[in-house]
Amino acid sequence: MKVHNTLGNGFQEVIYQRCLAIELERAGIGFEREKEQTIFYEGINVGTRRADFVVENQVIVELKALVNLEDVHLAQAKNYVVAYDFPIGLLINFGASSLQFKKIFNAKYNNPENHKIK
């Protein structure tokens, strides 16, 4: 929220990525930016994708800088959470006049409450 409150909307996604990385570092939160993950289809390697952030090796974070989030963006974030086999994901949109975010759960994990960020 601090990044959005400070910059507002209207910048490219990469600017928000850099600022969020600064804030995560300042808060002492472990993260990897642009972490490449292998995607498997029925056990076969079909390529790689990069998540914007992997936070504390527990949460996939996908950033956007759009006027408004659409279903396709939510689907992309859900696909990352499932493909990377993480229990939780977060989709954040810095492009709207008010910060937009959606918490995403991997259906593979029965009870999302058991997978809260530590």
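The values are calculated or read from the model by the stated rules, or taken from the named source; none is laboratory data. Computed from a prediction, not measured in an experiment: that's the story for all the values here. Neighbour counts run over all protein chains shown; Cβ positions are idealised from the backbone, glycine included.
Picking from residues in the range 68-88 that are β-branched (Val, Ile, Thr) and surrounded by 11 or more Cβ atoms within 10 Å (Cβ to Cβ), the one that is modelled with the lowest pLDDT is VAL82.
Within the range 21-49, being at positive phi and either in a strand (DSSP E or B) or surrounded by 10 or more Cβ atoms within 10 Å (Cβ to Cβ) (or both) holds for GLU34, GLY47. Selection of the range 33-53 for residues being in contact (Cβ under 8 Å) with a residue 24 or more places away in the chain, over 22 Å from ASN9 (Cα atoms) and charged (D, E, K, R) yields only ARG49. Considered as a group, the residues in the range 55-75 that are of a type in the set (Val, Ile, Thr) and closer than 18 Å to VAL3 by Cα include one that is nearest to the chain's Cα centre (by Cα), and that residue is VAL61.
Per-residue answers, yes or no, for (1) out of contact with any Ser or Thr (no Cβ under 7 Å at 6 or more places or on another chain); (2) not small (Gly, Ala, Ser):
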{"residue": "LEU7", "(1), (2)": "yes, yes"}
{"residue": "ARG18", "(1), (2)": "yes, yes"}
{"residue": "GLN37", "(1), (2)": "no, yes"}
{"residue": "GLY43", "(1), (2)": "yes, no"}
{"residue": "GLN76", "(1), (2)": "yes, yes"}
{"residue": "VAL81", "(1), (2)": "yes, yes"}
{"residue": "PHE94", "(1), (2)": "yes, yes"}
{"residue": "ALA107", "(1), (2)": "yes, no"}
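Consider the range 57-89. How many of its residues are more than 14 Å from GLU34 (Cα to Cα) and of a type outside the set (A, V, I, L, M, F, W, C)? Looking only at that region, the number is 11. Residues that are closer than 9 Å to VAL54 by Cα, modelled with pLDDT of 90 or more and of a type outside the set (A, V, I, L, M, F, W, C) within the range 21-42 comprise GLY30, GLU32, ARG33, GLU34, listed in sequence order.
Of all residues assigned to the range 13-20, at least one qualifies as being assigned to a helix (DSSP H, G or I) and among the aromatic types (Phe, Trp, Tyr).
Just so you know, in the range 89-108 the residues that are among the charged types (D, E, K, R) and under 12 Å from the mean Cα position of the chain (by Cα) include one that is surrounded by the most Cβ atoms within 10 Å (Cβ to Cβ), and it is LYS102.
Within the group GLU13, GLU56, which residue is surrounded by 11 or more Cβ atoms within 10 Å (Cβ to Cβ), touching a residue at least 60 places away in the same chain (Cβ under 8 Å) and either farther than 24 Å from LYS108 by Cβ or not charged (D, E, K, R) (or both)? If you could, list the steps in order and put the result at the bottom.
Values: GLU56 fails: either farther than 24 Å from LYS108 by Cβ or not charged (D, E, K, R) (or both).
When all the criteria are applied, what remains is GLU13.
Please go through the range 40-52 and pick out each residue that is of a type in the set (A, V, I, L, M, F, W, C) and either out of contact with any strand residue (DSSP E or B) (no Cβ under 8 Å at 6 or more places or on another chain) or farther than 15 Å from ASN79 by Cα (or both). Walk me through how you get there before you give the answer.
As a first pass, look at the range 40-52 and keep what is of a type in the set (A, V, I, L, M, F, W, C): 40, 44, 46, 51.
Matches in the range 40-52: ILE44 only.
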